[in-house]
1. Examine segment 102-112 for a residue that is at pLDDT 95 or above, within 23 Å of HIS212 (Cα to Cα) and crowded, with 22+ Cβ neighbours inside 10 Å, and state whether such a residue exists.
2. Can we say LYS264 is in contact (Cβ under 8 Å) with a residue 40 or more places away in the chain, within 30 Å of MET33 (Cβ to Cβ) and either out of contact with any strand residue (DSSP E or B) (no Cβ under 6 Å at 6 or more places or on another chain) or more than 16 Å from the ligand (Cβ to nearest atom) (or both)?
3. Give the number of residues within segment 225-278 that are farther than 25 Å from VAL24 by Cα, surrounded by 17 or more Cβ atoms within 10 Å (Cβ to Cβ) and of a type in the set (S, T, N, Q).
4. With the condition being touching a Ser or Thr at 6+ places or on another chain (Cβ under 7 Å) and modelled with pLDDT of 95 or more, I'd like the helices (runs of 4 or more DSSP H) fully within segment 197-274 carrying at least 2 qualifying residues.
5. Between residues in segment 47-66 that are without any contact (Cβ under 8 Å) to a residue 24 or more places away in the chain and under 15 Å from GLY243 (Cα atoms) and residues that are more than 7 Å from the ligand (Cβ to nearest atom) and hydrophobic (A, V, I, L, M, F, W, C), which pairs lie under 9 Å by C-beta distance while being six or more apart or on different chains?
6. Taking only segment 188-224 into account, find how many residues are surrounded by fewer than 24 Cβ atoms within 10 Å (Cβ to Cβ) and within 17 Å of LYS252 (Cα to Cα).
7. Got at least one residue in segment 245-254 being under 22 Å from ASN319 (Cβ atoms) and within 22 Å of the chain's Cα centre (by Cα)?
8. For segment 1-42, enumerate the residues that are among the aromatic types (Phe, Trp, Tyr) and closer than 18 Å to ALA256 by Cβ.
Amino acid sequence: MPGFELIDDRERQAVNEVFDRGGVFFRHGFDAMRQHVYKVREFEDAFARALGVRYAQAVTSGTAALKVGLKALGIGPGDEVITQAHTFVATVEAIQECGATPVITEIDRTLNMDPADLERRLSPRTRAIVPVHMLGGPARLDEIARIAGSRGIPILEDTAQGLGGRYRGRWLGTIGRVGTFSFDHGKVLTTGEGGMVATDDEAVFLRARAYHDHGHDSNPALPRGEDTRQAGGFNYRMTELQGAIGLVQLSKLPDALERQRANKARIKGALAGLPGIRFRELPDPDGDAGDSLVFFLDTPEAAAAAAADLARQGVGFKNLPGAVDWHFAGTWDHLFRGHPLYGGVPASTLWPESARILRSAIALPIMVRMEPAGIDALIDKVSRVLEAVCQ
Ligand SMILES: *Cc1c(COP(=O)(O)O)cnc(C)c1O
């Protein structure tokens, strides 16, 4: 489900309300002009409550959330941060923005971090581990937490694609020390651009809040112009217009999750008997957010042939295979020039297992608003193509 599916008149009214209350777009100050209404703060509080975390810090994007979260964990030059070969390019960019070295693991059939490979890539310089819950499905958090916990390394969950998913009853993004979220226009909820950093750790929250706001401590005893600071920061502040929209979007999440999961169950059930089809592994099937259905064919060649046939019939994909280049480290030579581990080696050779898995996969988007007739037509097209390709 992309949040843009959910947009209706309520988002428009929420924006109008910001205009009606003085038209203050800034998250701080102008108290009387805005009639003491603070939409970004309300969105942060509602988000924290919905996910059961103590603190949520709104920022300008999911990419900014990653950087702010890493900064709040104290990541800097000389540190290594481990993430996975299947993610959006932003995860690696954020690590590099902090001056740290991205170390990248293979994935397994969860499409997320392979814990055995994580173990192999640890070093004395590993300062954070960033599993990414791709396409709504949880990473193997038990194994990852065991490896991280035994060495005292914090986990930051990149939950940009995992909002609404759970792992053993807990929301994705609330299990590691930090969780980060994206509200760009293709994500589970949208504010156009936007992101959130969630944590239960007060010290991490205070560093995140300050870093996203030029280092401001937000000392309640002082006017903003005289505010105290401990460390430098940057500007990743969300606007009130985004906060107002985010609040409305968030209120629609429970119903949307229920509907997309029902649509997915119907499609998955109908495709389960097809020859040659294997579904993505879900470490906690009950926790699947349900916004995509991923299956593997036996070879990359079979997947490419099936995808071409499906595309000809107007079937759309979610990242795989169409946008694999933006979601697979094996295509990011542009980021690895001069890299201490990967520079000078063609990226395409570095994660062969991930390449094979990703190039054998097809991801179908699952929408909230799917009519029964549309679902039946999709099932019919996929069934006929797979029967032809896999016979
Ligand atoms: C979208 C995405 C991001 C970045 O979020 P933006 O809001 O677009 O900056 C980071 N990580 C993953 C896995 C994503 O899918």
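The values are calculated or read from the model by the stated rules, or taken from the named source; none is laboratory data. As the structure is a prediction and not an experimental result, all values here were calculated from the model. Cβ coordinates were reconstructed from backbone atoms using ideal geometry, including for glycine residues, and neighbour counts include every protein chain displayed.
1. Of the residues in segment 102-112, the ones at pLDDT 95 or above are 102-112.
From what is left, the residues that are within 23 Å of HIS212 (Cα to Cα) are 102.
Filter once more, so that each one left must be crowded, with 22+ Cβ neighbours inside 10 Å: 102.
For segment 102-112, residues at pLDDT 95 or above, within 23 Å of HIS212 (Cα to Cα) and crowded, with 22+ Cβ neighbours inside 10 Å: present.
2. no
3. 2
4. On the way: elements: 202-211, 240-251, 253-271.
Helices (runs of 4 or more DSSP H) meeting the threshold: 202-211, 240-251.
5. Close Cβ pairs satisfying both conditions: none exist.
6. Qualifying residue count for the region: 2.
7. Taking segment 245-254 as the starting set, the residues that turn out to be under 22 Å from ASN319 (Cβ atoms) are 249, 253.
Then drop every residue that is not within 22 Å of the chain's Cα centre (by Cα), which leaves 249, 253.
Checked against the condition, which is being under 22 Å from ASN319 (Cβ atoms) and within 22 Å of the chain's Cα centre (by Cα), segment 245-254 yields at least one hit.
8. Going residue by residue through segment 1-42, those that are among the aromatic types (Phe, Trp, Tyr) are 4, 19, 25-26, 30, 38.
Within segment 1-42, just PHE4 meets the criteria.
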